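**Student:** Supplied in structure tokens, the structure appears directly below.
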Amino acid sequence: MAKVKCTHCNLIFDESAMIIEEVNGDICYFCCHGCQGVYHLLRNEGLDTFYAKLGGATLTPPTNVPRDDLERFDLDGFRKKYVKIHHDGSNEINLIIEGIHCSACVWLNEKVLHKTDGIIEATINYTNNKAKIIWDNETIGLSQIIQTIRSIGYDAFPYDPALQEERATKTRRDYYARILVAVFGMMNIMWIAVAQYAGYFTGIEQRFKDILNVAEFVLATPVLFYSGSVFFRGAYYGYKNRIVNMDTLVATGATLAYIYSIYAMISKHGEVYFDSVVMIITFVLVGKYLEVLSKKHAVDTLDLLTSTIPTEVMVVHNGIKSLVAVENIAIGDIIEVRAGEKIVIDGIITDGAGSFDESSLTGESIPLYKQEGDAILSGSICLDSVIRYRATKDASNSLLHSIVTLLEESVTKKPKIEQLANSISGYFSVVILTIAIATFIGWYLYDNNFEKALIISISVIVIACPCALGLATPMSTLVGISVAAKRGILFKEATFLENMAKSTMVAIDKTGTITEGKPSVVNAITHQEFDYNLLYSLVISSNHPISQGIKIFLEEQNNNLHELKLKEMQTLQAKGIMAKYDTHSIAGGNDAFMKELGIKTTLSSKHSLFFFAIDGVLVASFELSDKLRIGAKEALLTLKSLGLKVVMLTGDHALSANAIAKEAGIDNVYHSLLPQDKAKLIDDFHAKGERVIMVGDGINDSIALAKADIAIAMGSGADIAINVSDVVLLDEKPQKIAEAYRISKRTYQAIKENLSFSIVYNIIAVPLAVMGFVYPLVSALSMSLSSLIVVGNSIRIKRIKFNKGNKNE
């Protein structure tokens, strides 16, 4: 019985087993109704050009696909764990698409998903089969999206870092097996090569030479086609996508040497180069394997946070304990944590006390003692007791989940310098192949020696290294981001490392940034008797540090305070707050706010001032003092020593601002600023050619943060400040600002070093190969070493020291 191909999947079956159908005069064969259905789906949707992209490749359906599990994708527990809901109501999920093996598969999935009603965005990363899908849940459900993917012969499941680790382990094992075969072939072929070279110089009978040639052929063949298959696969997909890559160069060089050696062996004319074939494959394969290990080592810090996250927590309800999935925890649930367990949900301690290790968040190794009423952060570890706490956030909004999300997104955003390097490396391989062809023609015309011309052109192909150029930036940024994360510094995108390294000025907020942000009342003046409950009710409505300082002072002075129901509450940024109670108008704020209301103030002080008025009459004045953060002065001196200009932007009055600036060692102070004034100053700095880093923590800093080239927010700052920031400091020590700049500077330096080395290497190595001074196996070794040097130089970023102010550190 004749064998025929399935029109859709290209798999071959007996003709008798096929479904035969005539479509527009053409006879089509389908191995199953699934293939037949997908074929008509593609035609009806205008996507039949998929088959031209597929070419002769076959589609292998995913194995063991459960067809009765679609309902689980719409369960609340599943959605809480894997689905992110945007502010506009749209849904987002990361999926792993199973069955993708070429760019045509990516193209097909994206096209079908884009044509599906309700899907807003669908992008698939071919390197890891990870798909990002955003959809409108009112129009289409997640189960329907999964069903759509399955209907075209693929399967999808939610992205899980543990599965990615399993995939990485499988890749390493695959490389290891290939390297074993390659090294075995190389060790044995070298013994034969020694005999070959000895015979070349001292003389050897042709019959012995033939035996040695055959032996080398036998050893070289599995090395080329098994160990080297990774290069052929990469070259094949590069060819299908019209891309000349490193795999193309390696595969071309090794294959040409192999084919010529077979010709020399059979014709008994010229020398064989099977040893060079084996050396090329082995050296480059070992180099790629070491790259895989180095990349995994570099990203381990990023994986550390996710690898040990518990999936269940102990919840106490009405005295009964039960294990509950993390994604099912609701705000207000009481959670019990024992010694040695990790906190997964943010909350406030309700029962017990103990020490907590927050080193994975802040880099601070000293445990913190916390008791009832204290907040605990997800990611910290309870060290020595059993405590119970009330959840204040759900899993998706807790600190640990936010950190993991930021880190995952940061490594996907490419710096401008990396985009430039990638565009250069895209043309690089084409240029090298062109040079190699010209070299072959030139040497053949010059020396009339085909063998010599071929070997020299192979050396040119193999010695060139676009891989080092391609690794120069991503490897450095990956290490830089991991080092920063380990020290409690989160860069939201890799590109911010480059931007920060190029900065020339730091504009820094005062309250809560270089000061502790916990001002305390040092002087209180009562101008008229009034109900303190009015002032208490006003200040507790604000999270501003000044309001909180007044609140704490009132609570310490009065035991019978209670909150009154205020109406028409208004908060005026950088000014104060006002409201109404019964028939009374009340207002509290700074001197400028009082003047706007027509209220005269006479108090002048180097401290921060707060005034309280009822019905337009000043009834109380307060002086508040805020302490400089420990290490602030040293951190700012470090920033200056690194060549940055430092200025302070604050809404506080001149006396207070200048007093803090003098204590911190800041010469340039801008005071009494509204939020829009801070933003205008940032624009003014830009007009003068400055690249500005803005550091702040409050709502009044958000506009200036958005205007700056790099925005740094303190981890406990206002949510809006953190949202518009580029870098988040989990540990609020001012030294972290200097550390962030050091890391960015060192990372950018490593990127420039890597790029310079890659360019210089190729400028020197390629001409030497063109002139015939380099043998193919030396070319292979040089190519691998160049990539490893780039990787090794990137790893050196981890050795950065933070205890000195040395500019060249």
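The values are calculated or read from the model by the stated rules, or taken from the named source; none is laboratory data. It should be emphasised that the depicted structure is a prediction, and the values quoted were computed from it without experimental measurement. Here Cβ is always computed from backbone atoms with ideal geometry, including for glycine, and neighbour counts include all displayed protein chains. Side chains included, ligands, DNA and RNA excluded: accessible areas come from the protein's heavy atoms. Shrake-Rupley method; radii C 1.70, N 1.55, O 1.52, S 1.80 Å.
**Student:** Filter the range 538-569 down to the residues that are hydrophobic (A, V, I, L, M, F, W, C) and either open to solvent by less than 60 Å² (accessible area, probe 1.4 Å) or touching a Gly at 6+ places or on another chain (Cβ under 6 Å) (or both) and list them by number.
**Tutor:** Passing the criteria: L538, V539, I540, I546, I550, F553, L554, L561, L564, L566.
**Student:** Filter the range 538-555 down to the residues that are within 37 Å of the chain's Cα centre (by Cα), in a loop (DSSP other than H, G, I, E, B) and of a type in the set (S, T, N, Q) and list them by number.
**Tutor:** Within the range 538-555, S542, N543 qualify.
**Student:** Now a separate question. Since K209 meets every condition but one in (1) surrounded by 13 or more Cβ atoms within 10 Å (Cβ to Cβ); (2) in a helix (DSSP H, G or I); (3) at pLDDT below 80, which condition does it not meet?
**Tutor:** Only one criterion is unmet by K209, namely (3).
**Student:** With K575, K551 as the choices, which residue is at pLDDT 90 or above and within 19 Å of D697 (Cβ to Cβ)? First the steps, then the outcome.
**Tutor:** Details: K575 fails: at pLDDT 90 or above.
So the residue among K575, K551 that is at pLDDT 90 or above and within 19 Å of D697 (Cβ to Cβ) is K551.
**Student:** Moving to a separate point now. I'd like the full set of residues that are more than 28 Å from K80 (Cβ to Cβ) and modelled with pLDDT of 85 or more, limited to the range 370-388. Walk me through it before giving the result.
**Tutor:** Applying the first criterion (more than 28 Å from K80 (Cβ to Cβ)) to the range 370-388 yields 371-373, 383-385.
Q371, E372, G373 - these are the residues of the range 370-388 that are more than 28 Å from K80 (Cβ to Cβ) and modelled with pLDDT of 85 or more.
**Student:** So, one more: What is the number of the single condition among (1) open to solvent by less than 50 Å² (accessible area, probe 1.4 Å); (2) closer than 27 Å to D701 by Cα; (3) outside any helix (DSSP H, G or I) that V522 does not meet?
**Tutor:** Result: V522 passes all but (1).
**Student:** Please work out which residue is most open to solvent (accessible area, probe 1.4 Å), limiting yourself to the range 655-682 and to residues that are under 32 Å from the mean Cα position of the chain (by Cα) and within 30 Å of R746 (Cβ to Cβ).
**Tutor:** If we take residues in the range 655-682 being under 32 Å from the mean Cα position of the chain (by Cα) and within 30 Å of R746 (Cβ to Cβ), then L681 is most open to solvent (accessible area, probe 1.4 Å).
**Student:** Let me ask something else about it. Does the range 4-19 contain at least one residue that is modelled with pLDDT under 80, among the hydroxyl-bearing types (S, T, Y), assigned to a helix (DSSP H, G or I) and surrounded by fewer than 14 Cβ atoms within 10 Å (Cβ to Cβ)?
**Tutor:** Yes: the range 4-19 contains one or more residues that are modelled with pLDDT under 80, among the hydroxyl-bearing types (S, T, Y), assigned to a helix (DSSP H, G or I) and surrounded by fewer than 14 Cβ atoms within 10 Å (Cβ to Cβ).
**Student:** Continuing with this model, one more query. Of the residues L490, L497, L535, which single one is hydrophobic (A, V, I, L, M, F, W, C), modelled with pLDDT of 90 or more and buried (at least 16 other Cβ atoms within 10 Å of the Cβ)?
**Tutor:** Sole residue among the options that is hydrophobic (A, V, I, L, M, F, W, C), modelled with pLDDT of 90 or more and buried (at least 16 other Cβ atoms within 10 Å of the Cβ): L535.
**Student:** Say whether the condition of being in contact with a strand residue (DSSP E or B) (Cβ under 7 Å, 6 or more places away or on another chain), open to solvent by 20 Å² or more (accessible area, probe 1.4 Å), outside any helix (DSSP H, G or I) and of a type in the set (V, I, T) is met by at least one residue in the range 506-513. Steps first, please.
**Tutor:** Looking only at the range 506-513, we keep the residues that are in contact with a strand residue (DSSP E or B) (Cβ under 7 Å, 6 or more places away or on another chain), and these are 506-510, 512-513.
Narrowing further to those that are open to solvent by 20 Å² or more (accessible area, probe 1.4 Å): none.
Looking through the range 506-513, none of the residues is in contact with a strand residue (DSSP E or B) (Cβ under 7 Å, 6 or more places away or on another chain), open to solvent by 20 Å² or more (accessible area, probe 1.4 Å), outside any helix (DSSP H, G or I) and of a type in the set (V, I, T).
**Student:** Kindly indicate the residue of the range 321-336 that is part of a helix (DSSP H, G or I) and open to solvent by less than 50 Å² (accessible area, probe 1.4 Å) and also modelled with the lowest pLDDT among those meeting that condition. Steps first, answer last, please.
**Tutor:** First pass over the range 321-336, keeping only residues part of a helix (DSSP H, G or I): 326-328.
From what is left, the residues that are open to solvent by less than 50 Å² (accessible area, probe 1.4 Å) are 326-327.
Details: V326: 82, E327: 77.
Result: E327.
**Student:** Looking only at residues that are at pLDDT 85 or above and open to solvent by 60 Å² or more (accessible area, probe 1.4 Å) in the range 142-175, which one is farthest from G37 (Cα to Cα)?
**Tutor:** Selected residue: Q144.
**Student:** Could you list all residues from the range 608-620 that are in contact (Cβ under 8 Å) with a residue 60 or more places away in the chain and either surrounded by fewer than 19 Cβ atoms within 10 Å (Cβ to Cβ) or within 17 Å of D531 (Cβ to Cβ) (or both)?
**Tutor:** Pass one, the range 608-620, residues in contact (Cβ under 8 Å) with a residue 60 or more places away in the chain: 608, 610, 612, 614, 617-620.
Correct list: F612, I614, V617, L618, V619, A620.
**Student:** Starting from residues that are open to solvent by 50 Å² or more (accessible area, probe 1.4 Å) and among the charged types (D, E, K, R), keep the ones in the range 76-99 and report whichever is farthest from A156 (Cα to Cα).
**Tutor:** For the range 76-99, the residue satisfying everything is D88.
**Student:** So which residues in the range 690-703 are in contact (Cβ under 8 Å) with a residue 40 or more places away in the chain and more than 25 Å from the chain's Cα centre (by Cα), if there are any at all? So that I can check it myself, show each step before the final result.
**Tutor:** Here is the first cut: in the range 690-703, the residues in contact (Cβ under 8 Å) with a residue 40 or more places away in the chain are 690-701.
Scanning the range 690-703 gives E690, G698, I699, N700, D701.
**Student:** Give all pairs with beta carbons closer than 9 Å in which a residue from the range 572-584 that is among the acidic types (D, E) meets a residue that is at pLDDT below 85; count only pairs at least 6 apart in sequence or on separate chains.
**Tutor:** Pairs that qualify, where the first residue is among the acidic types (D, E) and the partner is at pLDDT below 85: there are none.
**Student:** Here's another thing I want to ask about it. Taking only pairs six or more apart or across chains, which ones have beta-carbon atoms under 8 Å, a first residue in the range 631-654 that is open to solvent by 30 Å² or more (accessible area, probe 1.4 Å), and a second residue that is of a type outside the set (D, E, K, R) and assigned to a strand (DSSP E or B)?
**Tutor:** Partner pairs satisfying both residue conditions: K640/V646; K645/M505; K645/V506; K645/N668; H653/S608; H653/L609.
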